[in-house]
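Report on one structure; see the data block that follows.
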Amino acid sequence: MTTTPYTIGPLSCAPGERAEGLIPVGTSSYGVELGIPLLVVNGATPGPVLCVDAGVHGDEYDGQETVRRIVAETDPESLRGTLVGIPCMNTAAFEAASRVSGLDHANLNRIFPGDADGSYSLRLAATFVAQVVPAIDALIDLHTGGTYGEIAPLTIVQGGFEELAMPIGLAAGHQLIWKGGKWGGTVRHPALAAGKPAITIEVGGATYREAHVEAHADSVRNIMRQLGMIDGEVALRETYTEVSGTFARATAGGFFLDHVAPGDECKAGDLLATIVDHYGHTVEEVRAPQDGIVLWQRRIRTVRPGDEVVIFGQVHGEIRP
């Protein structure tokens with residue numbers, strides 16, 4: 001047994017113990033301290049440090065409950081290594097029940113590595129990079145489709161970092177592997193840049209569901225087995241499907257009607273959704289640009305010009321472990 005406490009931010013946790021607390025980032029206008037809430041389980045036996053975060057978008061709830069449950073069920077006496085849980089990274093967005101912060105309206109998952117002298121969200125991102133990333137060995141970033149949509153179960157492994165991140169990406173267990181994500185500034189980027197495996201896992205959305213919490217929890221447990229943190233055989237699929245995503249946006253406003261569901265396969269030209277006006281007239285049709293898979297489907301019925309309505313997945317082939 002190691003006699004060295006684990007330290008992250010202001011928290012210190014002895015081997016075989018638990019700790020919880022806040023990495024401070026700022027103070028609200030009504031005097032409440034704001035920051036990153038942490039739950040730590042430090043195993044009695046040395047091993048890797050895994051961080052599991054959720055709530056980067058405040059309206060994505062399933063992952064937040066997953067983090068609390070995984071931490072609660074983890075026995076520090078049998079754990080090898082340290083589990084760091086961040087149940088709600090973006091508390092300002094959670095308070096606003098929104099994808100973006102209620103303080104500065106920023107999308108936290110597009111602004112990493114942040115700016116220590118910027119607005120609250122930029123400071124939050126910079127604090128994570130400065131105090132969390134150096135204290136961990138691997139990162140699992142839990143997401144859903146949010147209140148605006150629902151996403152098929154999938155794992156995002158950042159393009160260019162496959163060798164580093166693919167092992168835990170496959171252990172997440174989902175059939176679909178999205179290699180890429182051309183957008184930058186996500187929470188996984190600073191961890192990958194520091195040479196630490198990091199993935200994003202997407203499941204569900206539209207509303208909170210216990211099935212989505214359990215799906216996230218199964219992924220985290222299997223990755224912990226893969227990292228040697230807990231006992232048990234690692235479950236891997238024989239093959240995985242590599243996809244990339246194209247965001248379809250509405251050109252007209254109206255009422256959104258979907259004709260498919262996340263995970264559905266479709267052929268080029270298939271009708272995925274229609275947008276109608278208040279009289280029931282079709283003002284726009286959304287069709288599959290090619291053969292592929294529906295990755296994300298809008299669930300909020302109000303559509304404005306430019307709103308995302310579907311993420312369409314192009315299949316690039318198989319991945320074998």
Scan the stretch 89-102 for residues that are in a loop (DSSP other than H, G, I, E, B), open to solvent by 10 Å² or more (accessible area, probe 1.4 Å) and under 12 Å from H57 (Cβ atoms) and jot them down. A96, A97, S98, R99, V100
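Here is a check on your reading of the model: is A152 buried (at least 20 other Cβ atoms within 10 Å of the Cβ) and either of a type in the set (A, V, I, L, M, F, W, C) or under 28 Å from L257 (Cα atoms) (or both)?
yes
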Breaking point among (1) assigned to a loop (DSSP other than H, G, I, E, B); (2) at negative phi; (3) surrounded by fewer than 22 Cβ atoms within 10 Å (Cβ to Cβ), for G185: (2)
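Does D141 satisfy being surrounded by fewer than 20 Cβ atoms within 10 Å (Cβ to Cβ), touching a residue at least 40 places away in the same chain (Cβ under 8 Å), touching a strand residue (DSSP E or B) at 6+ places or on another chain (Cβ under 9 Å) and of a type in the set (D, E, K, R)? Steps first, answer last, please.
Numbers: surrounded by fewer than 20 Cβ atoms within 10 Å (Cβ to Cβ): no; touching a residue at least 40 places away in the same chain (Cβ under 8 Å): yes; touching a strand residue (DSSP E or B) at 6+ places or on another chain (Cβ under 9 Å): yes; of a type in the set (D, E, K, R): yes.
No.
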Take the residues in the stretch 30-43 that are small (G, A, S) and modelled with pLDDT of 95 or more; name whichever of them is farthest from C88 (Cα to Cα). G43
Among the residues of the stretch 21-41, how many are of a type outside the set (S, T, Y) and either open to solvent by 10 Å² or more (accessible area, probe 1.4 Å) or part of a loop (DSSP other than H, G, I, E, B) (or both)? 11
Taking the criterion of being within 18 Å of the chain's Cα centre (by Cα) and part of a loop (DSSP other than H, G, I, E, B), would at least one residue in the stretch 64-87 satisfy it? yes
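Report, by residue number, each residue of the stretch 262-275 that is open to solvent by 20 Å² or more (accessible area, probe 1.4 Å), out of contact with any Pro (no Cβ under 8 Å at 6 or more places or on another chain) and free of Cβ contacts under 8 Å to residues at least 60 places away in the same chain.
Residues of the stretch 262-275 open to solvent by 20 Å² or more (accessible area, probe 1.4 Å): 262-265, 267-271.
Now drop any that are not out of contact with any Pro (no Cβ under 8 Å at 6 or more places or on another chain), which leaves 262, 264-265, 267, 269-271.
Passing the criteria: D264, E265, K267, G269, D270, L271.
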Based on this model, can you work out whether V294 counts as modelled with pLDDT of 95 or more, under 14 Å from V260 (Cβ atoms) and touching a Gly at 6+ places or on another chain (Cβ under 9 Å)? yes
Confirm whether I275 is farther than 18 Å from I199 by Cβ and at pLDDT 95 or above. yes
Looking for something in a strand (DSSP E or B) and in contact (Cβ under 8 Å) with a residue 40 or more places away in the chain - is there at least one such residue anywhere in the stretch 113-136? no
In the stretch 213-260, how many are in a loop (DSSP other than H, G, I, E, B), in contact (Cβ under 8 Å) with a residue 60 or more places away in the chain and open to solvent by 40 Å² or more (accessible area, probe 1.4 Å)? 8
Working only within the stretch 150-174, note down all residues that are touching a residue at least 40 places away in the same chain (Cβ under 8 Å), outside any helix (DSSP H, G or I) and more than 15 Å from G63 (Cα to Cα). I156, V157, Q158, G173, H174
Within the bounds of the stretch 289-299, is there any residue that is assigned to a loop (DSSP other than H, G, I, E, B), open to solvent by 80 Å² or more (accessible area, probe 1.4 Å) and free of Cβ contacts under 8 Å to residues at least 40 places away in the same chain? yes
Scan the stretch 301-319 and give yes if some residue there is in contact with a helix residue (DSSP H, G or I) (Cβ under 8 Å, 6 or more places away or on another chain), under 25 Å from L142 (Cα atoms) and surrounded by 13 or more Cβ atoms within 10 Å (Cβ to Cβ), otherwise no. yes
Picking from E65, E73, which residue would you name as being surrounded by fewer than 24 Cβ atoms within 10 Å (Cβ to Cβ), within 23 Å of R209 (Cα to Cα) and in contact (Cβ under 8 Å) with a residue 60 or more places away in the chain? E65
Those residues that are over 21 Å from G146 (Cβ atoms), aliphatic (A, V, I, L, M) and under 17 Å from the mean Cα position of the chain (by Cα), I need them from the stretch 102-130; list them, please. V129
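The values are calculated or read from the model by the stated rules, or taken from the named source; none is laboratory data. Given the structure is predicted, the values throughout are model-derived calculations rather than measurements. Backbone-built Cβ (ideal geometry, glycine too); neighbour counts: all protein chains shown. We work out accessible area using only protein heavy atoms, side chains counted, and drop any ligands, DNA or RNA first. Shrake-Rupley method; radii C 1.70, N 1.55, O 1.52, S 1.80 Å.
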